[in-house]
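*Asks:* Attaching a single structure in structure tokens format; questions to follow.
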2 protein chains.
Amino acid sequence: MPTIKDVASLAGVSVATVSRVLNDSGYVNHETKQRVNDAISTLNYRPNNVARSLFNGRSQMIALLVPDIMNPFFPELARAVEDFTKQNDYTFVLCNTDDDPEKEMHYIDALQQKSVDGIIIVSSTITEKELNQVKVPIVALDRILSSNLSSVTVRNREGARHAVKYLKALGCKRIAHICGPENVSNTKDRLSGYLDEVKDMDWFLSSYVVTGEYQFDSAMAATKNLLINHPEIDGIFVANDVMGVGVLKAAQELGLRIPKDLCVIGFDGISLGDKITPSLTTIKQPIYEMGTRAAEILIQQINDPVFTVQREEFEVTLLERESTSVRR
Amino acid sequence: MPTIKDVASLAGVSVATVSRVLNDSGYVNHETKQRVNDAISTLNYRPNNVARSLFNGRSQMIALLVPDIMNPFFPELARAVEDFTKQNDYTFVLCNTDDDPEKEMHYIDALQQKSVDGIIIVSSTITEKELNQVKVPIVALDRILSSNLSSVTVRNREGARHAVKYLKALGCKRIAHICGPENVSNTKDRLSGYLDEVKDMDWFLSSYVVTGEYQFDSAMAATKNLLINHPEIDGIFVANDVMGVGVLKAAQELGLRIPKDLCVIGFDGISLGDKITPSLTTIKQPIYEMGTRAAEILIQQINDPVFTVQREEFEVTLLERESTSVRR
DNA sequence: ATTATGTATGTAACGGGTTACACAAATAAA
DNA sequence: TTTATTTGTGTAACCCGTTACATACATAAT
């Protein structure tokens, strides 16, 4: 690999001049610049980013930490962040944490040691104390972590309320809720929204709320249990789409007809929901916009040290599909 | 951020001694070591990886380049690579290339400038010429790129043959094939396997082979066309599972009963296949093992400069599910 | 007693860039 | 003409580790 010195000697100038050409800074004579550029292309020289990073403490790298890369919601989010960061000349890297605080801190440590410029994080396990160890700009995405951290989320509670109201309007008389892990902020919000709408109903039972851990398998098992114990349930609001798919699977295995016997509505709006049969009605988050916005805020904070905490909350919309409306 | 100098002065030793403690190299008196370690924890010191990388040209970072992060096959693969590399003290990063040669080279450039130690790549677009620009160890995964590159793949042709034979054994009389993009090596192999089994059949028509570009949408559209033009088709071998899901969706929208009217078998064995209704019969690749093995080979090549090209080919197995067998 | 070996630690060069500073020549302003 | 400013380029320090080499003492071998 050629270095800046090789370029300098080939062009007959000092390394400083080469550096000035590279960074388009300071004064460089037009002809000299030409010579340097010629040398650069002759040698196929690429500046060593590690050396650059060492000097200026920046790496032009942004990382996204997600809890579960196998949940399609996160690849969709990642795509958005990737596109935006790339447009802004950052290298984007994706890290999977399993919502395991240890893996999380391990990545954060490793990334900081590599002088990562900023981190976007989807987490529910990280603590305030750990956050204080992070010296680079952070933006929380999808879940709120701390009050002094910028975040990009959606109106979870309102979305949940909307979902339940919609099921009611469809004529559902007994509506259950499959929720996520209880330590996740949006689990709480979506649950609150659900409760807002049902807690005063005469039919409501606390056993209508069961956790599915935001996972397909748990949700499927939980749903089977729920439906066997409560055959009267005719509507389910599911806290995310992956679990929604599990609910559909469980219901179908129990021989229920969707949406005739049971209406199901999810939350997220991942494209998977439209690929299955019956397709899944859902509360759609603007996933791409959220990822983009998070990246935008992060880059803003990287460039502007006197950042103010920004909390962006997106609206959600109902996406009506086959799991609630009769198929034509 | 404290540096090695801060640690050294706090412990009353030179930076060399601190470095020796950090790397457990050379001689260090036991008491001195203790003092240094105390200083390290007092200051909460973490060595700067960028400086390390600059000196020794290694970054302890391994990257995986995948063509489509939204296809669940790749997150599953990524999980395997991540787990193995992490166990071996590498930082793992995942990059999405869209099978776009430009994005691919951009990532490869950026990663090399960051002194990445090695790259695992799933690609069909990269050229021999571009591969020569890569100075770090590479392993090709899922698809073969060049004869002088280590690779981890599966027996695609045999798997395809197996799939078609199985459909025949089920009693399918007219078997079609939805294939991937023609420039991908495993598209060709799977197609060859299909042709091996059907080209001499009296019913075979070349229009029974259509491309689905390894994408859900294309596959769904292609399948609808196919089934409308050829209502006699009673079995489809689909070159990957994501397209298999699209085929099922298309067939269901056309009102066909699966598997009664149409049997469908995919290829990959992603967990999504088991989440949908009907679940998708498939030729299962040992995804996790493949990712692990690719990482293992890469690390081997990183550590051993006189590497020999290794080509590993895994067996595939038939995973029988509802899209071909009558549901109980 | 002399030499070889093992233990312990420090100094300084190095990796590949960036940039503060110095200096010189050319041009503009006083 | 003298002084100030702009243009152009080079030297060397710096970023933060690692390690070759030097040095010094203790112990073991000859």
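*Asks:* Collect the residues in the range A:254-266 that are loosely packed, with under 14 Cβ neighbours inside 10 Å and in contact (Cβ under 8 Å) with a residue 24 or more places away in the chain, keeping them in residue-number order.
*Replies:* A:260, the sole residue that qualifies.
*Asks:* Also: Condition first: buried (at least 17 other Cβ atoms within 10 Å of the Cβ), in contact (Cβ under 8 Å) with a residue 40 or more places away in the chain and farther than 19 Å from residue A:321 by Cβ. Now tell me which residues in the range A:159-175 satisfy that.
*Replies:* The one that is buried (at least 17 other Cβ atoms within 10 Å of the Cβ), in contact (Cβ under 8 Å) with a residue 40 or more places away in the chain and farther than 19 Å from residue A:321 by Cβ: A:174.
*Asks:* Take residue A:98 and tell me if it is part of a loop (DSSP other than H, G, I, E, B) and either among the acidic types (Asp, Glu) or within 11 Å of chain B (Cβ to nearest Cβ) (or both). Steps first, please.
*Replies:* Details: part of a loop (DSSP other than H, G, I, E, B): yes; either among the acidic types (Asp, Glu) or within 11 Å of chain B (Cβ to nearest Cβ) (or both): yes.
Yes; evaluated as a whole, the condition is true for this residue.
*Asks:* Still on this structure, I have one more. For the range B:80-94, check the following and say yes or no: at least one residue is modelled with pLDDT under 95, touching an Asp or Glu at 6+ places or on another chain (Cβ under 6 Å) and away from DNA strand D (no atom under 12 Å from the Cβ).
*Replies:* Yes, that holds for at least one residue.
*Asks:* Within the range A:55-94, take every residue that is without any contact (Cβ under 8 Å) to a residue 12 or more places away in the chain and not in a loop (DSSP other than H, G, I, E, B) and give me the one that is farthest from residue A:305 (Cα to Cα).
*Replies:* Step by step, filter the range A:55-94, then rank; the result is A:75.
*Asks:* Search the range A:9-25 for residues that are of a type in the set (Phe, Trp, Tyr) and pair each with any residue that is more than 6 Å from DNA strand C (Cβ to nearest atom) and modelled with pLDDT under 95 when their beta-carbon atoms are under 6 Å apart and the residues are at least 6 apart or on different chains.
*Replies:* Listed pairs, sorted by first residue: none to list.
*Asks:* Which of the following residues is within 7 Å of DNA strand C (Cβ to nearest atom) and closer than 30 Å to residue A:123 by Cα: A:54, A:22, A:77, A:65? So that I can check it myself, show each step before the final result.
*Replies:* Values: A:22 fails: closer than 30 Å to residue A:123 by Cα; A:77 fails: within 7 Å of DNA strand C (Cβ to nearest atom); A:65 fails: within 7 Å of DNA strand C (Cβ to nearest atom).
From the options A:54, A:22, A:77, A:65, the qualifying one is A:54.
*Asks:* May I ask you to verify whether residue A:125 is under 17 Å from the mean Cα position of the chain (by Cα), of a type in the set (S, T, N, Q) and in a helix (DSSP H, G or I)? Give the derivation first.
*Replies:* On the way: under 17 Å from the mean Cα position of the chain (by Cα): yes; of a type in the set (S, T, N, Q): yes; in a helix (DSSP H, G or I): no.
No: the conditions fail for residue A:125.
*Asks:* Return the pair list, or none, for Cβ contacts closer than 7 Å from residues in the range A:201-224 that are within 14 Å of another protein chain (Cβ to nearest Cβ) to residues that are of a type in the set (Ser, Thr, Tyr) and buried (at least 17 other Cβ atoms within 10 Å of the Cβ), at least 6 apart or on different chains.
*Replies:* Sorted first by the residue in the range A:201-224, then by its partner, the pairs are A:212/A:218.
*Asks:* While we're looking at this one, here's another question. For the range B:4-44, which positions are within 14 Å of another protein chain (Cβ to nearest Cβ) and touching a Phe, Trp or Tyr at 6+ places or on another chain (Cβ under 8 Å)?
*Replies:* B:4
*Asks:* Please find, within the range B:1-25, the residue that is farthest from the chain's Cα centre (by Cα) out of those that are over 26 Å from residue B:115 (Cα atoms) and of a type outside the set (Val, Ile, Thr).
*Replies:* Filtering the range B:1-25 for residues that are over 26 Å from residue B:115 (Cα atoms) and of a type outside the set (Val, Ile, Thr), the one farthest from the chain's Cα centre (by Cα) comes out as B:12.
*Asks:* What is the one condition in (1) touching a Leu at 6+ places or on another chain (Cβ under 9 Å); (2) in a helix (DSSP H, G or I); (3) surrounded by fewer than 22 Cβ atoms within 10 Å (Cβ to Cβ) that residue B:47 does not satisfy?
*Replies:* (2)
*Asks:* Considering (1) in contact (Cβ under 8 Å) with a residue 24 or more places away in the chain; (2) assigned to a helix (DSSP H, G or I); (3) within 30 Å of residue A:119 (Cβ to Cβ), say which one residue A:181 fails and leave the rest.
*Replies:* Unmet condition: (2).
*Asks:* Which one is surrounded by the fewest Cβ atoms within 10 Å (Cβ to Cβ) among residues in the range A:59-97 that are more than 10 Å from the chain's Cα centre (by Cα) and small (Gly, Ala, Ser)?
*Replies:* Looking at residues that are more than 10 Å from the chain's Cα centre (by Cα) and small (Gly, Ala, Ser), I get A:59.
*Asks:* Still on this structure, I have one more. Quick one: residue A:313 ticks every box in (1) closer than 30 Å to residue A:116 by Cβ; (2) at pLDDT 95 or above; (3) surrounded by 15 or more Cβ atoms within 10 Å (Cβ to Cβ) bar one, so which box is it?
*Replies:* Unmet for residue A:313, out of (1) closer than 30 Å to residue A:116 by Cβ; (2) at pLDDT 95 or above; (3) surrounded by 15 or more Cβ atoms within 10 Å (Cβ to Cβ): (3).
Residue by residue, here is whether (1) within 14 Å of chain A (Cβ to nearest Cβ); (2) in contact with a Lys or Arg (Cβ under 9 Å, 6 or more places away or on another chain); (3) of a type outside the set (A, V, I, L, M, F, W, C) holds:
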{"residue": "B:135", "(1), (2), (3)": "yes, no, yes"}
{"residue": "B:154", "(1), (2), (3)": "no, no, no"}
{"residue": "B:177", "(1), (2), (3)": "no, yes, yes"}
{"residue": "B:183", "(1), (2), (3)": "no, no, yes"}
{"residue": "B:189", "(1), (2), (3)": "no, yes, yes"}
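*Asks:* Is there a residue in the range B:34-42 that is without any contact (Cβ under 8 Å) to a residue 12 or more places away in the chain and within 12 Å of DNA strand C (Cβ to nearest atom)? Reasoning before the result, please.
*Replies:* Here is the first cut: in the range B:34-42, the residues without any contact (Cβ under 8 Å) to a residue 12 or more places away in the chain are B:34, B:41.
With within 12 Å of DNA strand C (Cβ to nearest atom) added as a condition, the list becomes B:34.
Within the range B:34-42 (the criterion being without any contact (Cβ under 8 Å) to a residue 12 or more places away in the chain and within 12 Å of DNA strand C (Cβ to nearest atom)), the answer is yes, since at least one residue qualifies.
*Asks:* Mind listing whichever residues of the range A:101-119 are facing chain B (nearest Cβ under 8 Å) and not in a helix (DSSP H, G or I)?
*Replies:* A:114, A:115
*Asks:* In addition: Restricting to the range A:16-35, and then to whatever is near DNA strand D (Cβ under 9 Å from one of its atoms) and under 24 Å from residue B:135 (Cα atoms), can you tell me which residue is surrounded by the fewest Cβ atoms within 10 Å (Cβ to Cβ)?
*Replies:* A:19
*Asks:* Tell me, which residue of the range B:267-290 that is aliphatic (A, V, I, L, M) and under 15 Å from residue B:246 (Cβ atoms) is surrounded by the fewest Cβ atoms within 10 Å (Cβ to Cβ)?
*Replies:* B:276
The values are calculated or read from the model by the stated rules, or taken from the named source; none is laboratory data. Everything quoted here is computed from the prediction, not taken from an experiment. When we count neighbours, we look across all protein chains shown, and the Cβ atoms used for this are built from the backbone with ideal geometry, even at glycine.
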